[in-house]
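Taken together, the values in this text are just the output of simple stated rules run on the coordinates, not laboratory data. Because the structure is predicted, anything quoted here is derived from the model rather than measured. Cβ placement follows ideal geometry from the backbone for every residue including glycine, while neighbour counts extend to all protein chains displayed.
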Amino acid sequence: MNKILKIFSLGVIRGLLAGLAGAGAGIGITMLVRHAIGLPAWNPGPVTTIGIFTGVITYLVVLGAFNYWFRWAIGAEPKEAEPPKRSWTRYFNLDTNHKIIGVQYLVTALTFLPFAVALQLVGRLDLSKLVSPLNATTYESIISDHGLLMLFIVVLPAFSGLMNYLIPLLIGARDMAFPRLNALSYWLIPPAGLLTAFSLLVGGFDTGWTLYPPLSASFEYIGMNFILIGIFLSGLSSILGAINFLTTIFKMRAPGMGPFRMPVFVWSTLATTALTLTFTQFIGMSFLMVLFQRVLGMGFFNPQMGGQVLLYQYLFWFYSHPAVYVFVLLGLGIISDTIPVFARKPLFGYKAVAISSIGIAAGGTIVFAHHMFAAGIPAFLKIPFMVTTLLVAVPTGVKVFAWVATMWLGKLRITTAFLFVLSAIVTFLIGGLTGVPLGIVPVDLYLHDTYFVVGHFHATLFGGFLLPLMAAIYFWFPKVSGRMLSEKMGKMQWLLMTVGTTLLILPMLGLGIEGMRRRVFDYSLTLGFRPLHIATAVGGFLIFAGLVILAYNMITSARRGAPAGPNPWNSMILAWQVSSPPPEENFAEIPRVVGNPFGYGVEGSVHAIMSTETKEEIKNE
Amino acid sequence: MSDEPSVEIFGVEHVKASRTPVYLGMILFLISEAFLFGSLFATYYYLRAETKVWPPAGVHLDTWLASINTFILLVSSGTIWWAGRAIRKGKESSLGIGLGLTIFLGVTFLGITLYEWTHVTFRPWTNAYGSTFYTLTGFHALHVFAGVILMVSMLTRTLRHRFSSSNFLPIEVSSLYWHYVDFIWILVFTTIFIIT
């Protein structure tokens, strides 16, 4: 009995229950007020929207996200912080240590990942016409939810988790610049994820992940409101995170950590967070405008009231194209940092690789209208946007060239992490090369909204997110847990996921050229699309099987895996010079950085001088 | 800025206020907010460019009232600047007076805005013009409201003697925010009331 009661001492349980109560109270009060001013008490749109907002705020307050700030604001004496205990309950409470928050982010993302994949597998089964369990609206809702869950509840939080865990360790800091803000940005993710997932149960939303009005503004079920608020919260979280990461990188670097002594992942973080800091406001506002139109009857996108439908697309893509680079830049950073360790060679063209991250981000901000070539934008916009789109391929090419040149004549160690990096490069190359024809106006007019676009997008995200994430998990798991993942299972997973990725992407590209439209629920068997759809479905199931192996591997290895020691990969980066898992405040003494982080095989190359104490510790282990 | 006095952070180091992480964090936040208002201005000007009659027939705005509001916010920028200068010299009571005046002016601005909203002839759901008008002024008013809350908390801390000539960073950072919100109002005012 006591054990059951103990569950309520976990912040997350208390927070979620309080959130539900807060939502209920908000709904009740709104209905009373509506009744009092003579409106019908129950109108699902406005009532549940207010309920969601009150619920989220109650949840955050009960979690304690605002406690410190509130005490500060009323000028109270600051509380002495208790020394943290090593206990699993820390992961379920509001905690300000960047390593705890990083793991929280990653576990949340990895929890939603199989769910989001499974959703699409149902859709794939339906399209392969082996079994057809869905009707058109359910199908649309499922695939739309797959898209938004993946991008905003899996990709962004997974990368936030990696950045949180790694950035202070990579630049030689004890924590992030604003630890409490960091905690707040994490705790916005669970409600965002739950709202996005549960939108399916309250009617779903049938617009595809882009939520274009007029369909999104007129769709009758409140699932649409859930998704709009859920994604808004995720966006808010990444803006707050961006402020934190940028400040940390600018202000908290160890002495001697000049810009060209930072690992490429830090450069990628700079580029990524510069984009999220600024452009996310546009998607947040465009989603709020749709919400205002649905709930308050505003007329931004309603032509009858003088609104413009195309306005949404401008606002949406102004964010969502840079966002694509947000989704992949960190993956490219992981690839750049991993190859030198396993090739035992310095990263080829380090400065060019570092700056190309900024180049991709800067170029990515001025290409957004290429999503709208078929949407009736003015003709004079098309050619400039085509040119800028093609230009983005240049800094990306720099990276791929540097990766291959780093491996060239290297002393390769074929570990699972390295294998995932190889698959990621090939997949990302397919994604990049299929992007070029899509950027060319006449070709795009033919391929727009076909499976070619879906295939291209999945190739970039598998190559830029999923496979690099797997590489990062195999690479960093020893640091986080202190134990190695099983390489045997890892290689099995790599094989399944690589075959799965290929089977998933190539048929999609073929389908697109043949003329199969995306987001279409049905097709005629006489068109001959079915074998390719079946291949895609098989690819999806293989990837899912890979994820199951990963889960099993992580759970068993965390308990029984071989002890990792501080530096199993023999890496030069700061993070690997401390114990695994790292101590509470990372560095007993702030290290002094004296050289490049990639000087493998270069005689006398030193990245950083750690304190004498830490060196002794490493020797003893 | 060379004569800028330094502040204590972490209780030991003496750093110029503008070099602290908090100051940079606020600047980054304001850059982000620029994009929030950017999306609202983009919406306004896009709709305006695509609409034949702008503002639509029957829209009458009280430019005089809005001008008074502009004046109020400009004065409040002055009072918060004065308060900040006072605490650098260690004058706690002047800081309190400056903050109190700023809060009073901010609340007056919000009151006039509320009066304006209830006295214009259109509503957010009347037409797209109404939607952008209320969203633009609404989000700005929300920022003023947040600023007032920030100032109230600064005043509370002042009354509890939390600030001194070596500890005034929160005042610096809050007044940065306040000036920024005033600057945005100039843009909103110009967009809605001047360029018609």
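A few points about this structure:
- Two-site FRET efficiency, A:Arg530 against A:Leu201, from Cβ-Cβ distance with R₀ of 35 Å, rounded to 0.05: 0.65
- Among A:213-224, A:577-588, A:159-170, B:64-75, the peptide with the highest mean count of other Cβ atoms within 10 Å heads the list, and the full ranking is A:159-170, A:213-224, A:577-588, B:64-75.
- Toward the positive end of the charge dipole of the range A:90-560, with +1 on the Cβ of Lys and Arg and -1 on the Cβ of Asp and Glu, the farthest Cα among A:Ser141, A:Thr416, A:Gln304 is that of A:Thr416.
- Percent of Cα-Cα distances greater than 27 Å, calculated over the range B:6-161: 39 percent
- For the range A:581-587, Karplus couplings with θ = phi - 60° (6.51, -1.76, 1.60), whole Hz, Gly/Pro x: x, x, x, 3, 10, 6, 10
- Stretching the chain fully between A:Trp72 and A:Leu5 yields a gain of 20.9 nm (0.36 nm per residue, less the alpha carbon separation).
- For chain A, the C-alpha radius of gyration sits at 0.97 times the compact-globule guess of 2.2 N^0.38 Å, with N the residue count.
- Label point distance in nm, A:Ala374-B:Phe183, each placed 7 Å from Cα along Cα→Cβ: 4.3 nm
- Label-to-label distance for A:Asn135 and A:Phe250 is 5.4 nm, based on points extended 7 Å past Cα in the beta-carbon direction.
- Computed helical MRE - 222 nm, chain A, DSSP H runs ≥ 4 contributing -39500 (n - 2.57), nearest 500: -22000 deg cm²/dmol
- Per-residue mean of C-beta atoms belonging to partner chains within 10 Å, peptide B:131-142: 3
- Exceedance of the 20 Å cut-off in Cα-Cα distance is limited, within the set B:Lys16/B:Lys89; A:Lys99/A:Lys399; A:Lys3/A:Lys79, to A:Lys99/A:Lys399; A:Lys3/A:Lys79.
- For the range A:4-73, the relative contact order works out to 43 percent when only alpha carbon pairs closer than 8 Å and six or more residues apart are counted.
- Surrounding net charge for A:Arg483, when Lys and Arg each add one and Asp and Glu each subtract one, Cβ distance under 10 Å: +2
- Amide H contacts of B:Lys16: B:Val7, each under 5 Å away and 5 or more positions distant or on a separate chain (H built 1.01 Å from N in the peptide plane; Pro and chain starts excluded).
- Residues whose placed amide H lies under 5 Å from that of A:Thr450, excluding near-sequence neighbours: A:Arg518
- Using the Cβ-Cβ distance between B:Ile112 and A:Val606 with R0 = 51 Å, the FRET efficiency computed as 1/(1 + (r/R0)^6) comes to roughly 0.20.
- 3J(HN,Hα) from dihedral phi, the range A:328-342, Karplus parametrisation 6.51/-1.76/1.60, rounded to Hz, x for glycine, proline: 10, 4, 5, x, 5, x, 4, 4, 4, 7, 7, 4, x, 4, 8
- Gained length - A:Leu433 relative to A:Ile366, 0.36 nm times residue gap less alpha-carbon distance: 22.2 nm
- Placing a label point 7 Å from the Cα of B:Trp54 along the Cα-to-Cβ direction, the residues of the range B:32-48 whose backbone N falls under 14 Å from that point are B:40-48.
- Degrees, to the nearest 10: B:63-88 long Cα axis against longest axis of chain B: 10 degrees
- Helix-only CD estimate at 222 nm, as mean residue ellipticity for chain B, using -39500 (n - 2.57) per DSSP H run (n ≥ 4): -25000 deg cm²/dmol
- Chain B - percent relative contact order, Cα under 8 Å, separation 6 or more: 29 percent
- Virtual paramagnetic centre 7 Å along Cα→Cβ of A:Leu390, amide N under 15 Å, in the range A:405-436: A:433-436
- Residues in the range A:248-286 that a label on B:Arg19 would reach, taking backbone N under 20 Å of a point 7 Å out along Cα→Cβ: A:248-259
- At an R0 of 51 angstrom, the distance between the Cβ atoms of B:Thr196 and A:Glu584 translates into a FRET efficiency of 0.25.
- Taking the centroid of alpha carbons for each part, the range A:455-531 and the range A:247-325 are 26 Å apart.
- Centre-to-centre separation between the Cα atoms of the range A:22-69 and those of the range A:111-149: 31 Å.
- Hydrodynamic radius by Kirkwood, which averages 1/r over all alpha carbon pairs of the range A:138-284, in angstrom: 16.2 Å
- Entry note: the range A:33-142 has Rg to Rh equal to 1.16, where both radii use alpha-carbon atoms and Rh is the Kirkwood radius.
- If the chain linking A:Glu514 and A:Ala21 were pulled fully straight, counting 0.36 nm for each residue of separation and taking away their Cα-Cα distance, it would gain 172.3 nm.
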